[in-house]
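Notes follow the structure.
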Amino acid sequence: MTKHKIVCWDCGRDVVDMYANTCPHCDGLLTIEVDLEPMKALKPKDLHREPIGVWRYHGFMPVDRKHAVTIKEGGTPLYKTQALGAEVGVKDLYVKYEGANPTGSFKDRGMTIGVSHAVEIGAKLVGCASTGNTSASLAAYAAKAGLDCAVFLPAGKVAAGKLAQAMFFGAKVLSIDGNFDDALALARKMAERRELYLLNSINPYRPEGQKSVLFEIMDQLSYEIPDRIVLPVGNAANIWAVYKAITELMEVGWIDRMPMLTGIQAEGSMPVAEAFAAGKEDFVPEENPETVATAIRIGNPVSGRKALRAIYDTGGYSTSVTDDEIIAAQRLLGRREGVGVEPASAASIAGVKKLREMGVIDPGEKVVCICTGNALKDPDTIMENSDPVIPCANSLEAVRKALSVQ
Ligand SMILES: *Cc1c(COP(=O)(O)O)cnc(C)c1O
């Protein structure tokens, strides 16, 4: 197993409790320090004997691969866009398509590591509060591991595809009469009682798996470092994970500069973007977040302070986009590139367009957008925003008329 320890990101103390989600001393955020000494003797191509995917990078991961609970997550395509790049004014625009993961979102990268750890420590019941994708992913990995699973969803606020997945994989699905933050508070209470192993992104093991998206991007670009990586920010664990991966590659000497991490939020849910605009290192939570991008409808981002550190330290940026901009970007990606993503994922594309117009992004930059989830997660939003189906009589004449064939 890769040697590692859990440390408090705030007070720096070591944490020995394998169940801990916050620091027992100061209630601070936790992080994991992996011993990277063995990796320093290697080069990226030394890992290429293994197929691309999360477990190629097990030397950076704090679990024993003997306990791996895997359904072959990661290894997602990196598309070089053409029409889309031209449309938003960035020549070298890439899309990392996380919708191609087993349950259709990047959450699988974190869950393979988180659930493997749950097995290592002998947990029986795993659980999470979720805006949808975390629960869909956890339910699948719990099924694979043979663990019981409970998911806490805010009532009426979860996209159909995600809810269907959690139900399908056999989780106990609780619809909590409250918002996401209420659902999370309840799940955390269960975890404090040791009655449930919590796999929200406050769990320090999950971001470890999510680091792999950055390792893959680097492999897929043959280690030509992109100037900028753009991603949507909700609870803000993913941007933190990408940052942590960058710092680890610097530490092992595989890269010598950092891409600018650029976090995009939705206008109705933008505590991190607001803090960035004010130059602050902490954010003010938002009471009633609202956006069509349900995966980033988060008022009180658990890892918000970590996200701000990631952005400042890489010389990155943060801004917000409107729901209309998100829907337009989602459509553009579908219609120009044939790539289907859910609204939250499209926030990254909308963000590039806006930052290009603002002059923050230079047209000559090499930019990678992480498109976090699959279009099929939220079919209702797609159908509301697409051209309606065309009723048509059962005749050739009617078909030709409907298709305007002369
Ligand atoms: C979870 C999720 C996000 C937000 O990621 P955070 O780590 O919470 O910032 C964005 N898009 C999709 C599709 C997600 O599932």
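The values are calculated or read from the model by the stated rules, or taken from the named source; none is laboratory data. Just so you know, these numbers come straight off a predicted model, no measurement behind them. Counting neighbours? That spans all protein chains shown, and the Cβs are built from the backbone with ideal geometry, glycine included. We work out accessible area using only protein heavy atoms, side chains counted, and drop any ligands, DNA or RNA first. Shrake-Rupley method; radii C 1.70, N 1.55, O 1.52, S 1.80 Å.
Structure summary
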{"quantity": "Residue tally, condition within 16 Å of the chain's Cα centre (by Cα) and part of a loop (DSSP other than H, G, I, E, B), over segment 283-303", "calculated": "6"}
{"quantity": "Test for G85: is it over 19 Å from P102 (Cβ atoms) and free of Cβ contacts under 8 Å to residues at least 24 places away in the same chain", "calculated": "yes"}
{"quantity": "Of all residues in segment 287-303 being open to solvent by 10 Å² or more (accessible area, probe 1.4 Å) and farther than 21 Å from A346 by Cβ, the one that is nearest to the ligand (Cβ to nearest atom)", "calculated": "V302"}
{"quantity": "Complete set of residues in segment 22-39 that are in contact with a strand residue (DSSP E or B) (Cβ under 6 Å, 6 or more places away or on another chain) and open to solvent by 50 Å² or more (accessible area, probe 1.4 Å)", "calculated": "E33"}
{"quantity": "Matching residues, segment 231-248, being more than 12 Å from the ligand (Cβ to nearest atom) and touching a Phe, Trp or Tyr at 6+ places or on another chain (Cβ under 9 Å)", "calculated": "A245, E248"}
{"quantity": "Filter result (part of a loop (DSSP other than H, G, I, E, B), more than 13 Å from the ligand (Cβ to nearest atom) and either touching a strand residue (DSSP E or B) at 6+ places or on another chain (Cβ under 6 Å) or aromatic (F, W, Y) (or both)) within segment 249-282", "calculated": "W254, P259, E267"}
{"quantity": "Tabulated pairs, segment 196-211, first farther than 21 Å from A183 by Cα, second within 13 Å of the ligand (Cβ to nearest atom) and assigned to a loop (DSSP other than H, G, I, E, B), C-beta under 9 angstrom, 6+ apart or interchain", "calculated": "Q210/F106; Q210/S201"}
{"quantity": "Subset of segment 104-132 that is out of contact with any Phe, Trp or Tyr (no Cβ under 8 Å at 6 or more places or on another chain) and within 21 Å of S348 (Cβ to Cβ) - its residue that is farthest from the ligand (Cβ to nearest atom)", "calculated": "R109"}
{"quantity": "Any hit, segment 210-221, residues being open to solvent by 10 Å² or more (accessible area, probe 1.4 Å) and assigned to a helix (DSSP H, G or I)", "calculated": "yes"}
{"quantity": "Enumeration of residues in segment 124-146 that are assigned to a helix (DSSP H, G or I), surrounded by 24 or more Cβ atoms within 10 Å (Cβ to Cβ) and of a type outside the set (G, A, S)", "calculated": "N133, T134, L138, Y141"}
{"quantity": "Top-ranked residue of segment 304-328 - restricted to ones that are farther than 24 Å from A83 by Cα, assigned to a helix (DSSP H, G or I) and without any contact (Cβ under 8 Å) to a residue 60 or more places away in the chain, ranked as most open to solvent (accessible area, probe 1.4 Å)", "calculated": "Y312"}
{"quantity": "Residue in segment 148-155 that is modelled with pLDDT of 95 or more and not in a strand (DSSP E or B) present", "calculated": "no"}
{"quantity": "Residue in segment 329-349 that is surrounded by fewer than 24 Cβ atoms within 10 Å (Cβ to Cβ), part of a helix (DSSP H, G or I), of a type in the set (A, V, I, L, M) and out of contact with any helix residue (DSSP H, G or I) (no Cβ under 7 Å at 6 or more places or on another chain) present", "calculated": "no"}
{"quantity": "Filter pass, T112 being over 25 Å from K5 (Cβ atoms) and either under 17 Å from the mean Cα position of the chain (by Cα) or assigned to a helix (DSSP H, G or I) (or both)", "calculated": "no"}
{"quantity": "Residues of segment 350-367 classified as among the small types (G, A, S), in contact (Cβ under 8 Å) with a residue 12 or more places away in the chain and surrounded by fewer than 17 Cβ atoms within 10 Å (Cβ to Cβ), total", "calculated": "1"}
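Yes/no matrix, rows are residues, columns are (1) buried (at least 22 other Cβ atoms within 10 Å of the Cβ); (2) more than 25 Å from L147 (Cα to Cα):
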| site | (1), (2) |
| --- | --- |
| H58 | no, no |
| D64 | no, no |
| G74 | yes, no |
| L78 | no, yes |
| V88 | yes, yes |
